[in-house]
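Working notes, structure below.
The values are calculated or read from the model by the stated rules, or taken from the named source; none is laboratory data. Here the structure is a predicted model, which is why all the values come from computation and not from measurement. As a convention, Cβ positions derive from the backbone with ideal geometry for all residues, glycine included, and neighbour counts pool all protein chains shown. Heavy atoms of the whole protein, side chains included, go into the accessibility calculation; ligands, DNA and RNA do not. Shrake-Rupley method; radii C 1.70, N 1.55, O 1.52, S 1.80 Å.
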Amino acid sequence: MKYVPIPIAMLEVGRPLPIDIWSDTGQLLLKKGQPVVSEQHRDKLHAFNASSTPGDAMAWQRAYERMVHEMLRDGVDVQTIAKAPMPSRIREVDYVVGTPLSGGWPDLQDVLRGILYQGGLAINPLSRLDGIARSVLKLMAADADDALFRLFQMLGDNSLGYCSTHALLTGAISLLTAEKLGLDASLRRSLLDAALTQNIGMARDQDSLSRQNTAPSEWQRKLIAEHASLSADTLRNLGLEDEDTLDLVRWHHQPQSMDALPRNRMARRVLATADAFVAKMAARKTRSPLPPIAAAKSIFAGTEGDAANVGAAMATTTGFYPPGTFVLLANGDTAVVAQRGTRANAPWVVPVMDKNSMPVVQYICRDTNDPAWALVTPLNFQSVKIAVSADRVQRARSRLPKA
């Protein structure tokens, strides 16, 4: 049998283990229910390359992901979550084999966040990352507007955890931009894989930074500067062999590096631009988020060459007002963008709050090309204090005439 290494550093001393622990050669080291009794005991587990069966490994990983989700839901501080050990209980449902990642974007976010949080200690992550990427491609192909809508709405909700939302939205925008630029399907897949994992070397710290009230410390600035290389090294150590993905991750903050692979020049620029675009639209305790058009201008203005081409492609494919973001209409209504229009500056919108700040009861898609529903200005997420139903927006879109 092939055994899967366990995250030994995440085992709590004195806490019963929910699975049998084996050496990588098949020797039973600990029975289910027995604890790690000391730090010296932990060192011995390291020496024997402590492992588990693949089924136990996957179930334990699912239990960990659920634990992290519940802690975030309950408002537990990210620093506390970062120190949480592996759970001591695995539910029967965690052993369900072959459960597809078909629950939509929130489920993908949960699974991805668990992998990113564990970093180099993640259990059998490559097959799970492949499943996430395949699901992203399927959802994007089915309805890119709905994908952008749900991901931009998730970006405005910091309680969900920032790192995995950033990764998924960066991946979605990168895919659309790369397709517009004519990059081949194989490179687009490597680009998506890189977007999902580019920050695996600092995922927990990325969430902490998004919530802290002060500027980054000297140690945090050092981590930010080094995280691209750290992420690439982490992925290689986990067994990733795709040189294009590793190149994109390692150089996503230095897309013009002479040490990077020449064949990925344009893809690196796409990833770097999408990464910066999403980051500028995300809220921080130390600054307000930028509306999409302001974020785009701050990145694209005055660029030329590859940067200008990527900026134009990204603006065209996402629109100046992407689905899921908010706008103010000429009649005083606040609306959420529901679907990209035929022009980048004229999307379809759903009014959600009238000029008197009262919720709009019936969701109806409106064309901002119509002067009665003309768009005046974008709004950032913090300025709109109303819950929006993605499913109701989707139903409103379904009533639009088919192109």
Helices (runs of 4 or more DSSP H) enclosed by region 1-84 - at least 1 residues per element that are closer than 27 Å to GLY131 by Cα and in contact (Cβ under 8 Å) with a residue 40 or more places away in the chain:
54-73, 78-82
Do we find a residue being within 17 Å of LEU169 (Cα to Cα), modelled with pLDDT of 90 or more and of a type in the set (D, E, K, R) anywhere in region 266-273?
yes
Of all residues in region 121-136, count the ones that are farther than 16 Å from GLN109 by Cα and either in contact with a strand residue (DSSP E or B) (Cβ under 6 Å, 6 or more places away or on another chain) or buried (at least 21 other Cβ atoms within 10 Å of the Cβ) (or both).
2
VAL78 vs (1) surrounded by 14 or more Cβ atoms within 10 Å (Cβ to Cβ); (2) farther than 22 Å from GLY161 by Cβ; (3) within 31 Å of the chain's Cα centre (by Cα): all pass except (2)
Look at region 286-332 and say how many of its residues are within 21 Å of the chain's Cα centre (by Cα), in a loop (DSSP other than H, G, I, E, B) and free of Cβ contacts under 8 Å to residues at least 60 places away in the same chain.
2
Restricting attention to region 343-401, which residues are among the polar types (S, T, N, Q) and closer than 17 Å to ASP146 by Cα?
SER389, GLN394, SER398
Does region 19-48 hold any residues that are touching a Gly at 6+ places or on another chain (Cβ under 8 Å) and either of a type in the set (Gly, Ala, Ser) or under 18 Å from TYR95 (Cα atoms) (or both), and which are they?
none
Quick one: in region 374-403, of everything that is part of a helix (DSSP H, G or I) and open to solvent by less than 50 Å² (accessible area, probe 1.4 Å), which residue is farthest from PRO322 (Cα to Cα)?
ALA396
Go through ARG340, ARG263 for me and flag whichever is within 19 Å of GLY182 (Cα to Cα) and either basic (Lys, Arg) or in contact with a strand residue (DSSP E or B) (Cβ under 6 Å, 6 or more places away or on another chain) (or both).
ARG263
Condition set touching a strand residue (DSSP E or B) at 6+ places or on another chain (Cβ under 6 Å) and not β-branched (Val, Ile, Thr), scope region 373-401, selection farthest from SER159 (Cα to Cα): answer is TRP373
So in region 355-373, with the set limited to residues that are open to solvent by 40 Å² or more (accessible area, probe 1.4 Å) and among the polar types (S, T, N, Q), which one is farthest from ASN331 (Cα to Cα)?
GLN362
Just checking, which of VAL337, VAL352 is farther than 26 Å from ALA313 by Cα and surrounded by 13 or more Cβ atoms within 10 Å (Cβ to Cβ)?
VAL352
With respect to THR177, determine if the residue is out of contact with any Pro (no Cβ under 7 Å at 6 or more places or on another chain), modelled with pLDDT of 95 or more and under 23 Å from PRO85 (Cα atoms).
no
Would you please name the residue that is farthest from ARG269 (Cα to Cα), looking only at residues in region 230-254 that are open to solvent by 50 Å² or more (accessible area, probe 1.4 Å) and part of a helix (DSSP H, G or I)?
ASN237
Anything in region 20-68 that is within 11 Å of TYR3 (Cβ to Cβ), surrounded by fewer than 19 Cβ atoms within 10 Å (Cβ to Cβ) and of a type in the set (S, T, N, Q)? List them, or say none.
SER23, THR25, GLN27, ASN49, THR53
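Quick check: is even one residue across region 89-105 at pLDDT 90 or above, within 27 Å of ASP146 (Cα to Cα) and surrounded by 13 or more Cβ atoms within 10 Å (Cβ to Cβ)?
Of the residues in region 89-105, the ones at pLDDT 90 or above are 89-90, 105.
If we keep only those that are within 27 Å of ASP146 (Cα to Cα) too, we end up with 105.
Those left that are additionally surrounded by 13 or more Cβ atoms within 10 Å (Cβ to Cβ): 105.
Checked region 89-105: at least one residue is at pLDDT 90 or above, within 27 Å of ASP146 (Cα to Cα) and surrounded by 13 or more Cβ atoms within 10 Å (Cβ to Cβ).
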